[in-house]
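Step one of this worksheet: look at the structure below.
The values are calculated or read from the model by the stated rules, or taken from the named source; none is laboratory data. As the structure is a computational prediction, the values presented were derived from the model and not from experiment. When we count neighbours, we look across all protein chains shown, and the Cβ atoms used for this are built from the backbone with ideal geometry, even at glycine. SASA here: full protein model, heavy atoms, side chains in, ligands and nucleic acids out. Shrake-Rupley method; radii C 1.70, N 1.55, O 1.52, S 1.80 Å.
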Amino acid sequence: MGSIFSTATVEAERLHTLDLYFIIAASVVLLTVIGATTYFSLKYRHRDHDDHAEPLQTSSNLKLESVLVGIPALMVLAFFFLSFNTTKAVLPPAGDSVPAVRITGHQWWWQASYPGTDVQTANEIHLPIGRHLLIEGTSADVIHDWWVPSFGDKMDVIPGLHNHVWATIKEPGVYEGACNEFCGQQHAWMRIRVVAHTPADYERWLAAAAQPAAEPTDRLAQAGAQVFARAACSSCHQIRGTAAHGQQGPDLTHFGSRETMLAGLLPNNESNLANWLRNPQALKPGAHMPRFIFAPDTIRALTAYLAGLK
Amino acid sequence: MPEPVEALPGLSLDTDQGLLQWISSVDHKQLGIMYLWTALAFMLVGGAEILLIRIQLAVPRNTFLGPEMYNELFTMHGTTMIFFVAMPAIFGFATYLVPLMIGANDMAFPRLNALSLWLTIFGGLLMYFSFLAGGAPNAGWFNYAPLNGYNYSSQPGIDYYCAGLLLGGIGTVSASINLIVTILRYRTAGMALHNMPVFVWMMLVTACLVIAAFPSLNAALAMLLLDRRLHAHFFEVHDGGSALLWQHLFWLFGHPEVYIVILPSFGILSEVFSVYSRKPVFGYVFIVGSGIAIGLLAFGVWVHHMFAVGLGNTANNFFAASSMLIGVPTGVKVFNWLATMRGGSIRFTTSMMFATSFLVEFTIGGLSGIAFAIVPIDLQLTDTYFVVAHLHYVLIGGTLFGLLAGLFYWFPKMSGRMLNERLSNWFFWLFVVGFNVTFMIQHVLGTLGMPRRVYTYPDLPGWGTLNLLSSIGGFLMGAAMLLLVYIIVQALRSGPRAGADPWDAYTLEWTTTSPPPLQNFDRVIPVASVRPFRDFKMPHDADHKEVGKRKGIYGK
Ligand code: HEM
Ligand SMILES: [Cu+2]
C-alpha cells in the first residue's frame, strides 16, 4: 500500500513537490504561532497576586495589522499559482483522447473495460508503464471515488457523468487503492489493485485476457459449468466464450487468475470461494448477490469450475 | 402560565422553581440555559456513538458493529454534533448573553425565542426516533444523492433526517431573525455598533449567515422528501435528475455552516482573551471586519467540497482562489489574539487555557484547511482520514474550545457559582491530550490512503496501530466529558458563590447580579466604549477619554 508520499507516477511526482512546498510553509506558520503563544504565555503570565496594576492598554497598530494581512495574502497568492500550474500540468483536458481503461464503479466492486478489446476485469486493473494513460470513470449506481494514493489525484465516479484522470506509471508492480466516496453498506470493501506491467508484458497480458474462458477439463468442473449456466449466475456474470453475458456482477472470464476476491476482502482461493457461494451475506453483508441454496456437491463443482478459469 | 418569582434560578438544580416553569418559560436566560443543556445531552449521545465506532475501528477487520449499524452510527454522530450540539450550544450562549451584553431586558420576540428552542429539541428527538422506526439515517451527515434516494436507502431513516433537520432548521432561522432584530433594535443608549462587544458582532454576522444559508438546506431537504415519498426526480439520475444538484445545494448551505459554527467562538474568544489578559482586544476593527469578510466570502467557496466531482479546472481554480482567500481574515484573527496577549497580565484560568490552546489547535485545522483549498492537494486527500482530522481540529480545536472557554468564563454569571478550578484544570489537560492523540494520528492515516467512513479496514502496515491509538485518545476525551459533567453538577450543588463580577470583567452582563434577576438590569451603566464596565470601574482611565493619549484606542 502506497501513501501520498510514494510517487509511482510522473503526475504524483509533481504533486509531491507541491505537497513539500506546502508542508514547509505550513510548518513555518505553525511554528510561529506555537512559538508566539508559548512565549507570550510565559512572559506575560500574571505572577504577583498582590499586583493589581493594569498593563498598558494598547489596542491597535495599523502598521502591524497591515503586515499581518500582507504576509498571509502573499502566501496565498504564491500557493494559488503553484496550485494553478500543477493542476494544469497533471490534469490537462481529456479532449477526444481514447482512454486506456474505462472504470465503472458499482456497489461494491470495480469494473474495468479496455477500449478496443472485449476484455473486462473486476477489481484488478492492468495497465502498462511509461505511457501517458487516460483513465475514464463513471458509475452504475451511486457516487464512488477512484483513488490509488501513489498515483496522486482521485476521481469521483458519478452516474451519468464521465470523469477522467491521467497517470504515467513509472515502475511495474502492484498498487493499491480504495473507493473514497461513501457509497453505502460495503464502502469499506471496495478496494482497488492496479497491476502495472512493462509494455511487452502488458501486450502479453492483454492477449491472454482477450482469450475466451478455458474449457473445463475434469468432470467436476464441467458439472460446475453446467450449474453456472443453469443457476442464474449467468444473468449477472459474464464468462466470455460461454453463454453467460450478464453485466450486473463482475466478469468472471479469468476469475481463477485473480489474487483477491470481493474487492480486496479476501484472497482468492477455493475455500473462500466456496464460502461465498454458500452464503454471500455472511462474507460481505449487503452485497448484491443473491444466496442460492446449493448442495455441497454443487458448491464443490462450481468452485472447481471458477478456480479453473485462469 | 407560571411566571418565575423574583430572582431566576440560573443553572440551579433546585426544584423549587418547578419543571413547568422551565418548560413554559419565555425568559431568554432560561431558554439559553435550556439550549445549553440540550447541547450537553446530545453531546453525550453523539459521544457515545463515536466511542462505539472507535471500538469497531480499534483493530482491523473487527466485527463488533457490522456495516449497517456502523453506517447509522457515524451518520447520527456527524448530524447530531453539527445540528444538535454545536448549533444549540451557540444559540444557547447567544440567547443567554446577547440581551445582557447589549443592556436589554429580553430578546425582541420572547415567544418566538421559546418556539425556536423547542423546534430544535423536537427536531433532534424526531431524528432519534428513527432508531425505533425501522433504522436510523445511514448515508452520512452530508447524505449524498443518489445514495440518499429511495432506491439505495429504502429504510425510513433518511426521511427522519429530512424531517428532523427541517424542524431544527426552522428553529434556527427564527432564532436568528430574533437575534438580528434584538441586536439592531434593543441596544442600550450609547452602544453604537462600534461599541458592541465582539461576541455580539459575531452573533450578528452568524445570524445573517443562517438566514442566508439555511433556505438552501431546507429546500434540498424538502426536495429529497419529495423524491423519496412522491417520486419526484430531482436527484435520481436514472429518472433524469442530477446527482450533483444535491451537493451544490448542500454545500451552498454547508460551507457557510462551518463559519456559522466558528464565528461565535471567535466572538467568545475575543472576550476571553481581552479580560484575562487585562487589555482591550487588539485590533477591534480588524477583528470585526474580518468576521464580516469571512461571512461574505463564505458563500463563494462551496465548490471546494466538490473538487473531485469533475467540474473542470476553470471552476476548480476559481473556487480554490476564493477558498484560500478566506485564510487571510482567519489568520488576521489569530494574530490579533496573540497581540492581545502581548504585553498583557495574563491570568491562566481554565477558560484562558482553552483560549490559548485554541490558538495552536485551530491553526493546525486552519492550515490543513488551506491544504484542501489547493486543488491538487485536495484531490489527493479529500475523503480520506485526513479530512476527519482536519474537520475535528476546526470543530473541536476551534468551535468547541471556544465554547468551552465561554462556558468556564460565563458559568459563574449563569449559575451564581464558581466551578472547581483544580478539577477544571484536570478536565482541560485530559481533554487536550485526548483530542490530539485521537486526531493528530488521523492525518497520517489519511496520507497512508485510509478512506473515511469505512466500517473496517485491511491489515496494512501501521493501520492497526494508528487506529488503536486514535481509539485510546477517543476514550480519554470521553472520560474528560464525564468529568466535565461532574464538575458542572458539583458546582451547581455546592460551588462557592460567584458574586456579580468574579473576573473583574469589562462588559455589561457583569454589572448585574449572578445569576441575573428576571428583569436583567435595574439600571444600565452608561456606554461609551467597548468596555463600559471597565470605564465605570476606572473612570480616570476610561477608554473613551483616552482617544488622544492612547494610540488607536477605539471608543467615542
Ligand atoms: C451461482 C451463481 C453465481 C456465482 C457462482 C457467482 C460468483 C461470484 C463470485 C466468484 C464473485 C466474486 C467476484 C469478485 O471478487 O470480483 C461474485 C461477486 C458478485 N456477484 Fe455473483 N455469482 C453468482 C450469481 C450472481 C447473481 C445472480 C448476481 C446478481 C443478482 C450476482 C452479483 C454479484 C455481485 C454484485 C458481486 C460483487 C459483490 C461485491 O464485491 O460487493 N452474482 N459472484
Ligand atoms: Cu464506492
message = Just the residues that are within 8 Å of ligand 1 (Cβ to nearest atom) and either at pLDDT below 90 or open to solvent by 50 Å² or more (accessible area, probe 1.4 Å) (or both), please, taken from the range A:233-256.
response = A:Ser235, A:Gln248
request  = Please tell me if A:Gly105 is without any contact (Cβ under 8 Å) to a residue 60 or more places away in the chain, of a type in the set (Gly, Ala, Ser), within 16 Å of ligand 2 (Cβ to nearest atom) and not in a loop (DSSP other than H, G, I, E, B).
outcome  = no
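Each row is one residue, and each column tells you yes or no for (1) open to solvent by 10 Å² or more (accessible area, probe 1.4 Å); (2) touching a Cys at 6+ places or on another chain (Cβ under 9 Å); (3) of a type in the set (Asp, Glu); (4) modelled with pLDDT of 95 or more.
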site	(1), (2), (3), (4)
B:Gly283	no, no, no, no
B:Phe286	yes, no, no, no
B:Gly291	no, no, no, yes
B:Met306	no, no, no, yes
B:Val309	no, no, no, yes
request  = Could you grab me the full set of residues in the range A:152-164 that are among the hydrophobic types (A, V, I, L, M, F, W, C) and open to solvent by 10 Å² or more (accessible area, probe 1.4 Å)?
outcome  = A:Leu161
query = Limited to the range A:142-156, what total is found for residues that are within 9 Å of another protein chain (Cβ to nearest Cβ) and either modelled with pLDDT under 95 or closer than 20 Å to B:Pro376 by Cα (or both)?
reply = 10
ask   = Name the residues in the range A:133-144 that are within 16 Å of ligand 1 (Cβ to nearest atom) and within 13 Å of the chain's Cα centre (by Cα), would you?
value = A:His144
request  = Answer yes or no as to whether B:Gly134 is more than 22 Å from B:Ala232 (Cβ to Cβ) and without any contact (Cβ under 8 Å) to a residue 40 or more places away in the chain.
outcome  = yes
Close pairs (8 angstrom Cβ cut-off, 6 or more residues apart or separate chains): touching a residue at least 40 places away in the same chain (Cβ under 8 Å) and assigned to a loop (DSSP other than H, G, I, E, B) in the range A:293-309, more than 9 Å from ligand 1 (Cβ to nearest atom) and open to solvent by less than 10 Å² (accessible area, probe 1.4 Å) anywhere = A:Gly308/A:Ala221; A:Leu309/A:Ile239; A:Leu309/A:Thr253
remark   = Scanning the range A:45-56 residue by residue, those part of a loop (DSSP other than H, G, I, E, B) and facing another protein chain (nearest Cβ under 7 Å) turn out to be A:His46, A:Glu54, A:Pro55, A:Leu56
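Okay, residues lined up against (1) open to solvent by 60 Å² or more (accessible area, probe 1.4 Å); (2) charged (D, E, K, R); (3) modelled with pLDDT of 95 or more; (4) within 16 Å of ligand 2 (Cβ to nearest atom):
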| position | (1), (2), (3), (4) |
| --- | --- |
| A:Glu176 | no, yes, yes, yes |
| A:Gln185 | no, no, yes, yes |
| A:Arg204 | yes, yes, yes, no |
| A:Ala209 | no, no, yes, no |
| A:Ala213 | no, no, no, no |
| A:Thr217 | yes, no, no, no |
| A:Ala231 | no, no, no, no |
query = Looking at (1) away from chain B (no Cβ under 14 Å); (2) within 10 Å of ligand 1 (Cβ to nearest atom); (3) in contact with a strand residue (DSSP E or B) (Cβ under 6 Å, 6 or more places away or on another chain), which is the only condition A:Ala263 fails?
reply = (1)
query = Going through the range B:488-531 one residue at a time, which ones are part of a loop (DSSP other than H, G, I, E, B), in contact with a strand residue (DSSP E or B) (Cβ under 9 Å, 6 or more places away or on another chain) and hydroxyl-bearing (Ser, Thr, Tyr)?
reply = B:Thr513, B:Ser514
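Here is a yes/no grid of residues against (1) open to solvent by less than 40 Å² (accessible area, probe 1.4 Å); (2) among the basic types (Lys, Arg); (3) more than 7 Å from chain B (Cβ to nearest Cβ); (4) within 28 Å of B:Ala320 (Cβ to Cβ):
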site	(1), (2), (3), (4)
A:Thr58	no, no, no, no
A:Asn85	no, no, yes, yes
A:Val90	yes, no, no, yes
A:Ala94	yes, no, yes, yes
ask   = Any residue at all in the range A:257-272 that is within 16 Å of ligand 2 (Cβ to nearest atom), open to solvent by 20 Å² or more (accessible area, probe 1.4 Å), of a type in the set (A, V, I, L, M) and at positive phi?
value = yes
message = It is to be established whether one or more residues within the range B:467-480 are assigned to a helix (DSSP H, G or I), under 23 Å from B:Asn195 (Cα atoms) and open to solvent by 30 Å² or more (accessible area, probe 1.4 Å).
response = no
remark   = Note: among A:Gly184, A:Gly160, A:Gly224, just one is more than 13 Å from the chain's Cα centre (by Cα), within 13 Å of chain B (Cβ to nearest Cβ) and within 13 Å of ligand 1 (Cβ to nearest atom), namely A:Gly184
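Conditions tested, residue by residue: (1) more than 7 Å from chain A (Cβ to nearest Cβ); (2) open to solvent by less than 10 Å² (accessible area, probe 1.4 Å).
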| site | (1), (2) |
| --- | --- |
| B:Leu325 | no, no |
| B:Gly331 | no, no |
| B:Thr340 | yes, yes |
| B:Ile370 | yes, no |
| B:Gln380 | no, yes |
| B:Phe386 | yes, no |
Test: A:His126 is within 16 Å of ligand 1 (Cβ to nearest atom), in contact with a strand residue (DSSP E or B) (Cβ under 6 Å, 6 or more places away or on another chain) and either free of Cβ contacts under 8 Å to residues at least 60 places away in the same chain or not in a loop (DSSP other than H, G, I, E, B) (or both) = yes
request  = Look at A:Pro280 and say whether it is open to solvent by less than 30 Å² (accessible area, probe 1.4 Å), more than 16 Å from ligand 2 (Cβ to nearest atom), within 14 Å of another protein chain (Cβ to nearest Cβ) and more than 18 Å from A:Gln238 (Cα to Cα).
outcome  = yes
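Just checking, which of A:Val69, A:Val10, A:Val29, A:Val33 is more than 7 Å from chain B (Cβ to nearest Cβ) and over 15 Å from B:Asp378 (Cα atoms)?
Checking each option against the conditions leaves just A:Val10.
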request  = Look at B:Ala192 and say whether it is more than 15 Å from B:Ala220 (Cβ to Cβ) and open to solvent by 10 Å² or more (accessible area, probe 1.4 Å).
outcome  = yes
request  = Output the number of residues of the range B:202-241 satisfying the condition of being at pLDDT below 95 and small (Gly, Ala, Ser).
outcome  = 3
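Could you look through the range A:266-287, keep only residues that are in contact with an Asp or Glu (Cβ under 9 Å, 6 or more places away or on another chain) and under 20 Å from B:Val454 (Cα atoms), and pick out the one that is nearest to ligand 1 (Cβ to nearest atom)? Lay out the reasoning, then the answer.
First, pick out the residues of the range A:266-287 that are in contact with an Asp or Glu (Cβ under 9 Å, 6 or more places away or on another chain): A:267-268, A:285-286.
Next, only the ones that are under 20 Å from B:Val454 (Cα atoms) stay: A:267, A:285-286.
Numbers: A:Pro267: 11, A:Pro285: 10, A:Gly286: 8 Å.
The selected residue is A:Gly286.
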key: Yes/no for B:Phe142 being within 27 Å of B:Leu297 (Cβ to Cβ) and within 14 Å of chain A (Cβ to nearest Cβ)   = yes
